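One structure is given here, and the rest of the page talks about it.
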Amino acid sequence: MRRVSHPEAIHPDPGYAVGLAGVRPGPPEFFMGAIQRIDSSHSIWLFDTERMRFRRLPKDADPNSPTLEADWQPYFALDVDEGTGSFSVALNEDRTRLLRSWREAGPPPGFNDTTELHTAELRLDPAAE
């Protein structure tokens, strides 16, 4: 698993640029900021890596539509596991509130691909072993 703090903006088509407003035709130098897009089976996740904020849209939404500041939520870390296609978004600095999902090519259909995890639930109690 790798931690992504300020990844390069990516888009599958080199004729497109990714900026604060999402994916738009044109070269990258016309846009400020860097947006990383991750597609899961139900959502489009947009990560503004310079401002450390993200927004999640329904799969059929237009990521280029205008947004309000309230549409974005802060995040503290983005962990992407290239092997499984899973990714986790830390919602607080202590990393005790996480959103976890999988890239579109991840788990089989019908799997609830977005969950919120509390790290206390993940810890093993040494006394119970």
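The values are calculated or read from the model by the stated rules, or taken from the named source; none is laboratory data. Being a predicted model, the structure only gives us computed values, none of them experimental. Here the Cβ is made from the backbone with ideal geometry for all residues, glycine too, and neighbour counts use every protein chain on show.
What the table shows:
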quantity: Matching residues in the stretch 49-97 - criterion: being over 16 Å from the mean Cα position of the chain (by Cα), more than 17 Å from residue 35 (Cβ to Cβ) and surrounded by 12 or more Cβ atoms within 10 Å (Cβ to Cβ); calculated: 96
quantity: Flag for residue 34 being within 22 Å of residue 99 (Cα to Cα), in contact with a Gly (Cβ under 9 Å, 6 or more places away or on another chain) and either at pLDDT below 55 or not hydroxyl-bearing (Ser, Thr, Tyr) (or both); calculated: yes
